[in-house]
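Here the structure is laid out as structure tokens; the discussion comes afterwards.
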């Protein structure tokens, strides 16, 4: 009832004209100094001391010290007791210290106890901030950094 009758014409139809192959765009350029995979501080590791990385870092545990990296993700169960410097920062856990970052995303359920100096800031509903939030054209410049960081090498880019 819903079937088409087979025809005896079995001649093949000519293939449609092929378009010229599309040019493949080159892969996006990586940011200088950033590796393709992040360094991960897993939940079974506690760090006592400062962390410095020119690449991306994901923290899922406790860090008792300052953290400085190009990109940083603070996991939901993570706690950082110290200042944070990063070009790109996502916080889902706790930061007990000041933040200097270019781009900041504060996820629902995060808790910040400290001041935030940022270029761009996004705050999800349910985020908790105890401190001041202030915008800056260049939050990672030496003029805006705390003295303990200003003496070190330039901020991550």
| query | Ranked by Cβ crowding within 10 angstrom, fewest neighbours first, how are 147, 48 ordered? | reply | 147, 48
| message | At a 10 Å Cβ-Cβ cut-off, how would you order 44, 83, fewest neighbours first? | response | 44, 83
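Using only the Cα atoms of region 87-136, construct the convex hull and provide its projected area averaged over every direction, in square nanometres to one decimal.
Values: hull surface 10.8 nm².
With the hull built on Cα positions only, its mean projection is 2.7 nm².
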| said: Taking the square root of 5 times each eigenvalue of the Cα gyration tensor, what semi-axes in Å does the equivalent ellipsoid of region 39-150 have, largest first? | reply: 19, 17, 12
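If each residue's Cβ is checked for other Cβ atoms within 10 Å, how do 41, 80, 123 rank with the fewest at the top?
On the way: 41 22, 80 28, 123 18.
Least to most surrounded, the residues fall as 123, 41, 80.
What is region 39-150's relative contact order, in percent, from Cα pairs under 8 angstrom and six or more apart in sequence?
This gives 16 percent for region 39-150.
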| field | Evaluated over region 48-111, the Cα radius of gyration and Dmax, each in Å | value | 10.0, 28
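Each value in this text was obtained by applying a stated rule to the coordinates, not by laboratory testing. Computed from a prediction, not measured in an experiment: that's the story for all the values here. Every residue, glycine among them, receives a Cβ derived from its backbone with ideal geometry; neighbour counts consider all protein chains shown.
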